[in-house]
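Following: one structure in structure tokens, then a few remarks.
The values are calculated or read from the model by the stated rules, or taken from the named source; none is laboratory data. Every value quoted in this text rests on a predicted model; they were computed, and no experiment measured them. Don't worry about glycine lacking a Cβ; one is built from the backbone with ideal geometry, like all the others, and counts go over all protein chains shown. Keep in mind that these areas ignore ligands, DNA and RNA; they rest on the heavy atoms of the full protein, side chains included. Shrake-Rupley method; radii C 1.70, N 1.55, O 1.52, S 1.80 Å.
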Amino acid sequence: MDLLALLAAALPQPSNKLSIEVGLSGGLDSVVLLHLLARLREQKNFRLNAVHVHHGLSPFADEWTAFCQVLCTQLNVDLRIAKVTINAKGKGIEAAARAERYRVFSDGLCDILALAHHQNDQIETFMLGVARGGGVRSLAAMPKWRDLNQSIKIWRPLLDVPRAVLEHYAVEHDLAYVTDESNQDASYLRNWIRHEALPQWQQKVPNIHQQILANVRSMQDDLALLNEITQDDYRYILSDGLFQVGRWRGLSDLRRRRVLHHFFQVHEIRLPSHKTLSDMARVLREAESAQWQFDDKSVDFYRDVLYIRAMATEHYPWVSHEGGHRGRLKDILLENGFILKPHKFGLSEQVLMDVGVLRNMTNKDVIKSMFGHKSVKKILQECYVLPSVRQVWPIITRPDNVSLAVANLQVNQDFQVSNGFLPVYKPFIKYIGKPNILETLLS
């Protein structure tokens, strides 16, 4: 097997615009991959560097880091070293270490993260999926390509290559590499599958590896089709970027759950259990409103729309400062992410030059309209503002606490001028349910 030709054929074109970072542990697989890409770099002229994650779990971790540094110097490859602390609480060592690795990988400034998983790893990953009951996604094992984040793609070019071929390449090119002693520890499920379970299966079914790989290919096809259908469904139920529960209810039960699953993935929320997801689907079918909290994010169901928002109020500067922000209104608004939208009943330039306060509303706040004074709380209700956001909704007042404007919604009648300005905080527009106000803000 010509590994260099294999990688050259799989490399995206045009390759001379690419920046590739190799996940380098120092083991056989990643050493061979780095060596191959370093050779290929001379032909294709892409940028190449490596990243080594120092987990601190092995007494030899410092030696592995030093080895990687020497190797990269020999190959003229820049090396990024990241020391991490593993917190296995609630996850287990393997899962926690993997999470830290991928967090480090996400910090890279590359186009492609190249990982050295090979055919044997693919087989073991399938068996782990069987053992853990992860469904189609787990049984599909590892794809050759997937998005790590919005800017980096993961590439696994050696997935079709048996480990024995990599060993032969290392001997042929006189490559040194390190050996992780924990790979022999059968208390880890993957190691037990590798050293005990798969050899026994192979005695009974000599071609078990080929059968597993055939299953992986089939599962990957099924998963690709399932994802395609789910994404079509997801696009169908989104309107102006909002999750329309009424449309969602029109799908079959299985498709509804898949779309919810996709919703969690899109918003980078840790996937809940099957039971939690089923309970959530039931509530969305039967109730008129609901709220769930997942880690630091809130999912709110209100007026036929499913909203997602961060729970931490420190994201709202007018809340994190006790008493709000005080200063020249135009300055504090622009400094805190507001825009001043031209409005036929807006604040005058003179008022914006005066001293004022930007803070969150309270239940005592009122604002004057053409029909008298009205509580800010009532205005938020009438505009169908998401209930869980109302208490952090920004208002603008004078130093004597007279309300000048409710952000995004209304200006005090006593301070309105034709062709004035309405203070608008764009991230909160999506939490307004009243169509005519939304049309004005989005126009």
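Of the candidates PHE301, PHE371, PHE294, the single residue that is aromatic (Phe, Trp, Tyr) and outside the structural domain of GLY250 (by the TED database) is PHE371. For the stretch 362-372, filtered to residues that are more than 23 Å from GLY323 (Cβ to Cβ) and not polar (S, T, N, Q), the residue that is least open to solvent (accessible area, probe 1.4 Å) is GLY372. Scanning the stretch 192-232 for residues that are of a type in the set (S, T, N, Q), open to solvent by 70 Å² or more (accessible area, probe 1.4 Å), within 16 Å of GLY129 (Cα to Cα) and without any contact (Cβ under 8 Å) to a residue 12 or more places away in the chain yields a single hit, GLN211. Answer yes or no as to whether ILE229 is within 30 Å of VAL266 (Cα to Cα) and among the aliphatic types (A, V, I, L, M). Criteria met by ILE229. Against the definition (more than 23 Å from the chain's Cα centre (by Cα), modelled with pLDDT of 95 or more and aromatic (Phe, Trp, Tyr)), how does PHE60 come out, yes or no? No. The number of residues in the stretch 155-192 being outside any helix (DSSP H, G or I) and in contact with a Phe, Trp or Tyr (Cβ under 7 Å, 6 or more places away or on another chain) comes to 3. For ARG270, state whether it is at pLDDT below 95, surrounded by 13 or more Cβ atoms within 10 Å (Cβ to Cβ) and either under 20 Å from ASP300 (Cα atoms) or not aromatic (Phe, Trp, Tyr) (or both). Considered against the rule, which asks whether it is at pLDDT below 95, surrounded by 13 or more Cβ atoms within 10 Å (Cβ to Cβ) and either under 20 Å from ASP300 (Cα atoms) or not aromatic (Phe, Trp, Tyr) (or both), ARG270 comes out as no.
Inside the stretch 344-361, residues that are assigned to a strand (DSSP E or B) and open to solvent by 50 Å² or more (accessible area, probe 1.4 Å) make up a count of 1.
Please verify whether the stretch 124-146 includes one or more residues that are more than 21 Å from ASN227 (Cα to Cα), in a helix (DSSP H, G or I) and within 23 Å of the chain's Cα centre (by Cα). No; the residues of the stretch 124-146 include none that is more than 21 Å from ASN227 (Cα to Cα), in a helix (DSSP H, G or I) and within 23 Å of the chain's Cα centre (by Cα).
A quick yes/no check of all residues on (1) of a type in the set (Val, Ile, Thr); (2) closer than 23 Å to ARG163 by Cβ; (3) touching a helix residue (DSSP H, G or I) at 6+ places or on another chain (Cβ under 9 Å); (4) modelled with pLDDT under 95:
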{"position": "GLN43", "(1), (2), (3), (4)": "no, no, yes, yes"}
{"position": "ASN49", "(1), (2), (3), (4)": "no, no, yes, no"}
{"position": "ALA96", "(1), (2), (3), (4)": "no, no, no, yes"}
{"position": "ALA99", "(1), (2), (3), (4)": "no, no, no, yes"}
{"position": "HIS118", "(1), (2), (3), (4)": "no, yes, yes, no"}
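Scanning the stretch 1-40 for residues that are open to solvent by 40 Å² or more (accessible area, probe 1.4 Å) and of a type in the set (D, E, K, R) yields ASP2, LYS17, ARG39.
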